[in-house]
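What follows is one structure encoded as structure tokens, with my remarks underneath.
The values are calculated or read from the model by the stated rules, or taken from the named source; none is laboratory data. This is a predicted model, so every value here is computed, not measured. So basically every Cβ, Gly included, is an ideal-geometry build from the backbone, and we count neighbours across all protein chains shown. Each accessible area value is taken on the protein alone, full model and side chains, heavy atoms only, with ligands, DNA and RNA left out. Shrake-Rupley method; radii C 1.70, N 1.55, O 1.52, S 1.80 Å.
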Amino acid sequence: MKNPIIISFVFLVSLLFPFYSEELLNNPAYIAQTGYGETKEIAENNALSAISKFFQTSISVSTKEQTVITESKSESKISEEIFVKSQTELFAVRYTKAKFDRKQKLYEVTAYINRDEAWRIYEPKLKELSDSFESLYITAISQDDPLLKISWLSKAFDNANENGLQKKLDFAQALNPTESENFSITRTHFSEIEPMISTLAGKCSINTICDVGVDENISKSANEMFSKIGILVVKENPDYLCVLKITENSQPLPAGTFFSPIISMDIRRSEKILFSWNRQLKKIGAKNEKVARQRAYSLISQTISDLLKNEFMPF
């Protein structure tokens, strides 16, 4: 058991003799960055900004541009800055006493984070997210049916994305490289999902059938989405059968014809229903009945595509 007198003495010494910038910058137990400014406050802010840039750089190098950028790179950078700021606010950033550099006529301040101290705060939050993801991943791996496995892997991938798990793992790596190795299995599992889904989908075949009289574009839109997922669409002896039923619920009114469609969709294997969806769509119509029907079936097709994408295609 550590002597409380010694602990108190060490704490008192740390107050009487605070860290110098050089000690912090050369000590691997700390993340430290120095800032300069015309006032103490500006110097502190610049030091904190330098801490944030340290994490941003570490995250960017770690991810190696894996994130798909759909907008401008500047927006991606802003998003990264906001993320880093939200994470660093979880624990205390300390500052050295400001000193004035007479030659540069600027104040100098070093901002620093104790890696172990910060990790004790950060690790429980990361573990909670990791456990949530791993629970879904383990459920996915335990599935015997390939399509069920794809569905659960998609749920695990979505869970990780919604919680920003990959970025938080990268942040943890920068914060405390040694301790973050405890989460290396989660990082590995996340990276395995996309190729695993691709491999599983390539081994599956499916066909879609609809009620008699239903627009053939409905089954076409379903089969197109299955193809995008990587599942082979065949008419003879498919592994799975997607059964679609559409209730139009047409209603002629003085203003025109309106539809309130209901979609019923099942995916079966050997007569066993593996997935089932029932959706009541919003009322849609037009003065001309033909135009109203076209609008209704366009909405039906889009809804079917969205349902299948959300279930099996998280990328």
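Quick notes
- So residue 270, is it open to solvent by 70 Å² or more (accessible area, probe 1.4 Å) and either in contact (Cβ under 8 Å) with a residue 60 or more places away in the chain or over 28 Å from the mean Cα position of the chain (by Cα) (or both): yes
- Neighbours by Cβ (under 9 Å, 6+ apart or cross-chain): first from region 143-159, under 14 Å from residue 231 (Cβ atoms) and open to solvent by 10 Å² or more (accessible area, probe 1.4 Å); second among the acidic types (Asp, Glu) and at pLDDT 95 or above: 146/239
- Being part of a strand (DSSP E or B), at pLDDT below 95 and surrounded by fewer than 19 Cβ atoms within 10 Å (Cβ to Cβ) holds for only one residue in 251, 294, and it is 251.
- Residues that are exposed (fewer than 12 other Cβ atoms within 10 Å of the Cβ), modelled with pLDDT of 95 or more and among the β-branched types (Val, Ile, Thr), drawn from region 178-198: 188
- Matching residues in region 93-129 - criterion: being part of a strand (DSSP E or B), of a type outside the set (Ser, Thr, Tyr) and either touching a Pro at 6+ places or on another chain (Cβ under 9 Å) or in contact (Cβ under 8 Å) with a residue 60 or more places away in the chain (or both): 101, 106, 108, 109, 111, 113, 114
- Checklist (1) modelled with pLDDT under 90; (2) farther than 20 Å from residue 178 by Cβ; (3) open to solvent by less than 30 Å² (accessible area, probe 1.4 Å); (4) among the aliphatic types (A, V, I, L, M) applied to residue 59, failing item: (2)
- Across region 32-45, the number of residues qualifying as within 11 Å of residue 107 (Cα to Cα) and without any contact (Cβ under 8 Å) to a residue 24 or more places away in the chain comes to 1.
- Region 258-267: number of residues that are in a strand (DSSP E or B), out of contact with any Asp or Glu (no Cβ under 7 Å at 6 or more places or on another chain) and without any contact (Cβ under 8 Å) to a residue 40 or more places away in the chain: 4
- Which listed residue, of 222, 172, 201, is touching a Cys at 6+ places or on another chain (Cβ under 6 Å) and at negative phi: 222
- In region 273-291, residue least open to solvent (accessible area, probe 1.4 Å) [restricted to those that are in contact with a strand residue (DSSP E or B) (Cβ under 6 Å, 6 or more places away or on another chain), of a type in the set (S, T, N, Q) and over 21 Å from residue 145 (Cα atoms)]: 278
- Applying the criterion of being touching a Ser or Thr at 6+ places or on another chain (Cβ under 6 Å) and open to solvent by 30 Å² or more (accessible area, probe 1.4 Å) to the residues of region 224-239, the residue that is nearest to residue 270 (Cα to Cα) is 239.
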